[in-house]
Amino acid sequence: MAKKIGRREFVKSTAKIGISAVLGGSVISQFSCSQAGMCDIAVASGEDYLKNTIKAVELHGGMMKFVKKGSKVAILPNTQSRHPGTFTNPDIVRAVIRTCKEAGAAEVNCLSWLTPKHWADTGLDKAVQEEGANLKLIERDDEALYTPVPIPGGIALKQAQIMNEFFNNDVFIDMPVTKDHAGNKFTGTLKNLMGLNYRVNNRTFHKEGWRTEQSAIEHLDQCIADLNTVVKPTLCVVDATEFITTNGPFGPGKLLKPQKVIAGTDRVAIDAYCATLWGLEARDIIMINKAYEHKLGQIDLQKVKIQEIKA
Amino acid sequence: MIRNHRVLTVFLISSMFLLFAPSGAHSSVPLDLYKFLPLSGEVGEWERNDQPQDYRGEDLYEYINGGAEIYHEYGFNRVIVQDFRNKSGKSISVEIFEMEDSESAYGIYTFKTHLEDKKLSLGSDAQLSDYYLNFWKANVLVTITGFDEDEETIEGLQELARAVEAKMKLNGEKPHLVSVLPKKELITTSIKYFEGNLGLYNSYSFFARDIFSLEKGIKGDYESGYSVYFIQSKNGEVGQKRFDEIKRDFEGSPRYKNFNSLEKELFMVEDRKSKRIFISYFKDSILIVMGAIPSHQVKEIFSSIQENIGK
């Protein structure tokens with residue numbers, strides 16, 4: 001069974017050695033895609049989104065490489081809005097839960113501080129329930145339910161507050177939908193981690209009075225990159241099947257339907273790849289650049305091994 | 001006696017002003033947004049579903065988690081949200097946003113609409129997209145969203161929109177900057193009005209910092225394939241000295257190539273996608289033309305803008 005990251009240990013190790021000692025870190029280094037001579041990013045496309053997800057994860061080494069028998073898995077889909085193309089497709093969530101269980105996961109826990117209505121409106125509650133996973137909705141305003149986590153390498157954000165429930169798991173799968181975001185221009189694996197962080201702490205990412213001058217945008221993007229230095233997903237499975245390219249993140253907005261699911265562990269490379277799906281360049285997205293400056297991954301897609309298949 | 005005459009005169013002038021002033025165009029008179037919501041049975045088979053939601057000021061963050069900044073940049077007061085459902089189980093959401101003034105409502109309307117949308121005759125302007133529509137009137141923006149693209153839903157969107165619009169006895173003007181854009185070949189559905197840096201950043205990210213000192217701005221796309229930006233500076237007259245600084249920023253940036261100083265008050269660069277960008281200035285504003293277009297035509301466009309400013 002994979003090593004469980006206790007809350008106390010997480011805080012201690014994070015404070016001591018920073019980004020190398022975070023949840024799933026050992027799993028990532030052990031099963032590095034490139035070390036195994038495989039792709040850095042796996043992309044599966046087709047009309048059947050459940051099948052795409054299974055194929056993308058298989059292409060990236062299979063779920064058994066990330067989920068050990070008896071382990072507890074935390075998953076974080078995006079369920080921010082019910083508008084089309086703004087939330088992780090339920091079929092993708094179904095596929096991840098199913099493959100985790102097939103790999104021998106003891107539990108799959110879907111974490112969120114959003115309301116039951118968010119989960120009902122998107123149909124994600126039904127998918128989670130039918131696949132036998134646990135929907136763990138954390139009271140968003142009770143600070144006692146969130147653990148302070150120092151960010152030693154943080155430039156703008158010095159401390160995160162991650163939901164306590166997160167630390168009861170061995171594996172973490174980040175499951176955003178990639179889409180437009182008015183504040184960052186783009187959202188994907190990096191920004192999705194705000195879904196684990198205490199809402200009041202997230203509010204500090206945004207400047208007082210909702211100022212939007214350039215320094216405010218940079219502050220938000222720096223905070224997101226800083227947060228990502230202490231929370232590393234074991235695996236990312238990204239929904240790029242149908243998503244909004246305008247008026248994000250809430251929508252409604254113009255829908256693009258590339259019908260792709262992406263699996264990988266390099267958040268910077270995955271986000272850089274997803275940005276290209278609607279004509280953006282990673283170098284123009286401050287958040288991805290800040291994460292790259294933190295050495296969280298590869299921004300230059302020429303240096304990333306991308307394998308694409310039709311599912 | 002003289003004093004009484006003066007009081008009477010002031011009263012009459014004030015009354016005349018109130019009588020002919022556009023009603024509801026300013027935030028000083030809060031609107032009863034609930035009056036604009038159709039009742040169950042008023043619009044075919046569409047019945048109200050659940051209680052309306054109501055968010056004011058900073059609370060918008062509760063509703064549009066992560067996407068509130070852009071609304072605040074334009075000037076947001078309040079939003080109410082009411083869901084409707086018909087007998088076949090289709091859902092439609094009606095959002096009524098009270099913005100600070102007509103310019104704010106027009107601005108966020110242009111932010112949320114898309115070049116490819118279909119124009120509708122509703123309110124001051126209206127556009128229908130694949131599964132949603134937006135219209136604005138005075139200081140109010142209305143967004144009506146369906147959750148699929150079925151004919152029944154699209155018809156429902158328009159019926160509900162007409163019912164809301166009929167209840168809005170309001171008037172308001174577009175910002176005067178709209179008239180600055182040359183009219184020939186202008187695609188009116190492409191217009192974006194900016195009241196801050198975030199709006200511009202979402203349209204085109206010239207630089208990671210606000211080199212234009214944007215106060216307000218407008219952008220339009222043209223049938224020949226080019227775009228025109230008109231950006232008013234918050235620092236007053238641009239002047240040759242500041243323009244030369246902007247010129248140096250572009251010349252020294254790795255994001256741009258093939259810098260060419262065509263004239264003292266006009267230069268050209270190409271972006272990473274080899275899109276040509278011509279930049280000049282006039283009084284307190286920066287004038288930009290982007291696209292494959294010869295420089296003599298750019299000068300004609302700049303002259304046309306200067307003429308429009310003088311009108």
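Please build a GNM for chain A, connecting alpha carbons under 10 Å apart, and tell me which residue among A:Gly153, A:Gly279, A:Gly264 fluctuates the most.
It is A:Gly279.
Once a ≥ b ≥ c are taken as the square roots of the eigenvalues of the Cα gyration tensor of chain B, is the result rounded (a/c under 1.5), prolate (a/b larger than b/c) or oblate (a/b not larger than b/c)?
Oblate is the answer for chain B, as a/c is 1.5 or above yet b/c matches or exceeds a/b.
Evaluate the relative contact order of chain A (contact order divided by residue number), counting alpha-carbon pairs under 8 angstrom at least 6 apart; express in whole percent.
Contact order relative to length: 25 percent.
In whole percent, what relative contact order does segment B:176-309 give with Cα contacts below 8 Å and a gap of six or more residues?
With pairs under 8 Å counted, the relative contact order is 23 percent.
Among the lysines, which fall within straight-line cross-link reach of A:Lys310, defined as a Cα-Cα distance under 27 Å, with same-chain neighbours fewer than 8 residues apart omitted?
A:Lys51, A:Lys55, A:Lys65, A:Lys101, A:Lys179, A:Lys254, A:Lys257, A:Lys260
Straight-line reach only, C-alpha to C-alpha below 24 angstrom: list the lysines that B:Lys87 could link to, leaving out same-chain residues fewer than 8 apart.
A:Lys117, A:Lys126
Please tell me the relative contact order of segment B:23-166 in percent, rounded to the nearest whole number, where contacts are Cα pairs under 8 Å and at least six residues apart.
Relative contact order, segment B:23-166: 23 percent.
Using protein heavy atoms only (no ligands, DNA or RNA), what is the total accessible area buried between B and A, 1.4 Å probe, nearest 100 Å²?
Protein heavy atoms only, the B-A interface buries about 3700 Å².
Which one, B:Asn65, B:Asn197, B:Asn260, has the greatest fluctuation when you compute a Gaussian network model over chain B with C-alpha springs under 10 angstrom?
Among B:Asn65, B:Asn197, B:Asn260, the largest GNM mean-square fluctuation belongs to B:Asn65.
Just going by the charge dipole of chain A, with Lys and Arg at +1 and Asp and Glu at -1 on Cβ, which of A:Ile309, A:Ala160, A:Trp119 is farthest out on the positive end?
A:Ala160
Sum up the lysine pairs in segment B:199-274 that clear both bars: alpha-carbon distance under 27 Å and a spacing of 8 or more or different chains.
Here the count comes out as 20.
HN-Hα J couplings of segment A:171-178 from phi, Karplus 6.51/-1.76/1.60, θ = phi - 60°, integer Hz, Gly and Pro as x?
10, 10, 10, 7, 10, x, 9, 7
Taking the Cα centroid of segment B:107-146 and of segment B:256-286, what is the distance between the two, rounded to the nearest whole Å?
After rounding, the separation between the Cα centres reads 33 Å.
Which residue fluctuates the most in chain B, going by a Gaussian network model with Cα springs under 10 Å, if the choices are B:Val142, B:Val238, B:Val94?
Fluctuation is largest for B:Val238.
Got a number for carbon plus sulfur as a percent of chain A's accessible area, 1.4 Å probe?
Whole-percent figure for carbon plus sulfur exposure: 49.
Only helical DSSP H runs with n ≥ 4 go in: add -39500 (n - 2.57) per run for chain B, normalise by residue count and round the 222 nm mean residue ellipticity to 500 deg cm²/dmol.
After summing the helix terms and dividing by the residues of chain B, the value is -9000 deg cm²/dmol.
Once R0 is set to 41 Å, what does the formula 1/(1 + (r/R0)^6) return for the Cβ-Cβ distance between A:Ile155 and B:Gln297, expressed as a FRET efficiency to the nearest 0.05?
0.35
Tell me, what ³J(HN,Hα) does each residue in segment B:60-70 have, in order and in whole Hz, if you take phi through Karplus 6.51 cos²θ - 1.76 cosθ + 1.60 with θ = phi - 60° and put x for Gly and Pro?
4, 4, 5, 8, 9, 4, x, x, 7, 3, 5
Given points 7 Å out from each Cα along the Cα-Cβ axis, report the B:Phe207 to A:Leu135 separation in nanometres with one decimal.
A separation of 4.9 nm, rounded to one decimal place.
Sort out for me the Cα centre separation of segment B:171-194 from segment A:246-311, rounded to whole Å.
Centre-to-centre distance over Cα atoms comes out at 33 Å.
Assign one of three labels to segment B:209-258, namely rounded, prolate or oblate, based on the Cα gyration tensor with a ≥ b ≥ c the square roots of its eigenvalues; rounded applies when a/c is under 1.5, prolate when it is not and a/b is larger than b/c, and oblate otherwise.
Oblate, since a/c reaches 1.5 and b/c is not below a/b.
Using modelled amide H (1.01 Å from N, peptide plane; none on Pro or chain starts), what sits under 5 Å from the amide H of A:Gln161, excluding residues fewer than 5 places away?
Amide H neighbours of A:Gln161, under 5 Å, 5+ apart: A:Val149, A:Tyr198.
Pop out the ³J(HN,Hα) list for segment A:279-295 in order, Karplus 6.51 cos²θ - 1.76 cosθ + 1.60 with θ = phi - 60°, rounded to Hz; leave Gly and Pro as x.
x, 8, 10, 3, 5, 8, 10, 4, 4, 5, 4, 5, 5, 5, 4, 7, 6
If you take the square roots of the eigenvalues of the alpha-carbon gyration tensor of chain A and sort them as a ≥ b ≥ c, do you get rounded (a/c under 1.5), prolate (a/b over b/c) or oblate?
rounded
Given Cβ point charges of +1 (Lys, Arg) and -1 (Asp, Glu) and nothing else, what value in debye, to the nearest 20, does the dipole of the protein assembly as shown about its Cα centre take?
For the protein assembly as shown, the charge dipole is close to 1460 debye.
What's the magnitude of the charge dipole for chain B around its Cα centre, counting Lys and Arg as +1 and Asp and Glu as -1 at the beta-carbon? Answer in Debye, nearest 20.
1300
The values are calculated or read from the model by the stated rules, or taken from the named source; none is laboratory data. Note that the structure is a prediction, hence the values are computed from the model and not measured. Ideal geometry is used to build each Cβ from the backbone, glycine not excepted, and the neighbour counts take in all protein chains shown. Keep in mind that these areas ignore ligands, DNA and RNA; they rest on the heavy atoms of the full protein, side chains included. Shrake-Rupley method; radii C 1.70, N 1.55, O 1.52, S 1.80 Å.
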